[in-house]
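Input: a single structure, listed below in structure tokens.
Each reported figure results from applying straightforward, stated rules to the coordinates on display, with no laboratory input. Note that the structure is a prediction, hence the values are computed from the model and not measured. So basically every Cβ, Gly included, is an ideal-geometry build from the backbone, and we count neighbours across all protein chains shown.
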Amino acid sequence: MRGALRRILGVRFGVRPTARGWQALGAGVLTLAVARLIGTTQFHQLAYALLLLLAAALVIGLLSSRGLGFSRALPNARMTAGSAARVDLRVSNRSRSGIPEAEVVDRLPEERSYALPALAGGGSEVIEAPVSFVRRGVYELGPAEVRAADPFGLLRFVRRFDARTEVVVYPRVHDLMGFSLGTGNVEAGSRGSVGQRGDEFAGLREYRRGDDRRHIHWKSVARTGELFVKEFALHAPQRYTVALDLRRRGLRVPEQEVEDAVSAAASVLAHLYEERLPARLSCTDRAGSATEFGVDEDSHWRAMRLLATARADGDSDPGVLLEERERLGEGVILILRSPGEGLPEGVRRLRRAGLSVVIVALAAHTYREAFGGGGGRDREAEFVRGVARLEAAGAAVRVLRHPAGVAGLAGTRATGDRRQRGAVQ
């Protein structure tokens with residue numbers, strides 16, 4: 001009977017004998033064969049009884065299992081790599097008759113099975129399945145099966161639900177409380193460089209006696225229990241481009257280097273979003289992925305989804321991003337994996353045009369040392385020289401090292417939901 005009744009009510013359906021069902025079927029067929037050979041009425045009656053029992057199990061099972069329903073829901077629709085979450089699996093029974101036992105098998109994304117107690121007619125049960133995704137990316141959950149047995153335990157009825165659920169797992173985000181968004185006052189009168197004098201947010205710092213209490217950053221107080229106040233610059237940028245270096249460099253790039261770069265970009269975007277500052281994302285991957293300026297929730301999560309699937313497969317130098325003057329807004333925050341020779345000149349041009357330039361530079365040699373690469377001292381010296389050139393060109397440089405990663409940059413421990421906070425070093 002395997003594969004019988006393939007579709008009922010739009011879902012795939014199958015019937016399979018259980019171990020007890022195979023025994024009953026075998027016993028019935030054997031008894032019927034013996035009855036035919038010796039012609040004994042009692043053997044005929046026993047054979048028919050066993051076969052009728054299987055037929056009754058089929059009818060009862062069909063009537064009860066056809067009302068089975070399944071749905072999958074994610075209470076937290078936005079998951080972060082490494083953070084714990086859950087998926088709610090709901091099994092319902094729309095028929096009048098109860099089901100003595102059932103089992104749910106779903107792919108989350110690996111296959112898991114959960115036993116259900118007796119499911120009364122018209123009732124439902126919810127299974128809270130814990131899930132955790134180590135890596136960012138886009139995952140697919142499903143399809144699922146609900147397996148139920150008849151009251152005699154002879155047949156198992158399997159309903160397959162092909163509906164799938166897409167889950168976007170975003171990169172880890174760290175709180176960059178106090179992260180300075182500017183590089184000091186820019187040249188007065190520069191085109192497109194300034195907002196209202198003395199009225200633009202520049203960063204957070206610890207509260208000092210005499211500070212205006214109206215400038216207390218209450219979100220930080222609620223998170224840390226310590227007083228922080230907003231700092232305002234005379235000439236602070238209004239819109240920011242977060243540029244991410246996604247060049248393919250060599251055949252064996254440490255995975256953690258790329259992940260920390262993506263996490264740094266996500267953390268900066270989250271910081272700008274919390275401060276209600278328009279931002280866009282631009283990458284040097286193969287596709288040249290980018291988003292438009294936005295301050296609303298949809299714009300923010302479009303950029304975060306792009307980061308969820310970002311890959312270091314590009315060939316362009318990050319200096320190319322700095323040449324898009326008309327698209328950069330008034331400030332650039334560049335997540336840099338390796339200083340380039342032409343980058344300082346690009347920084348100078350932006351500074352002369354009145355833009356703020358902040359560079360988060362990954363100390364790539366610290367990742368390669370952990371990966372087993374050689375030449376550590378030479379790589380470090382080269383990195384220090386590159387950082388010095390960028391600072392001389394007018395960029396504010398923050399260094400991100402392994403193993404601390406973005407947590408070291410932000411002065412916090414890594415968290416998926418940014419509940420543990422600290423100050424930027």
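Just need the Rg to Rh number for segment 27-162, please, alpha carbons only, Kirkwood Rh.
In segment 27-162, Rg relative to Rh is 1.21.
How high is the relative contact order of segment 1-169, in percent, counting Cα pairs under 8 Å that sit 6 or more residues apart?
Relative contact order for segment 1-169 comes out at 26 percent.
Give me 327, 208 ranked fewest to most by other Cβ atoms within 10 Å of their Cβ, as a rough exposure proxy.
Ascending number of Cβ neighbours within 10 Å: 208, 327.
Choose one of 342, 320, 355: the residue whose Cα lies farthest towards the positive end of the charge dipole of segment 283-369 (beta-carbon charges +1 Lys, Arg; -1 Asp, Glu; about the Cα centre).
It is 342.
Viscosity 1.306 mPa s, temperature 10 °C: Stokes-Einstein D of segment 200-410 from its Kirkwood Cα radius, in µm² per second?
Reported coefficient: 88 µm²/s.
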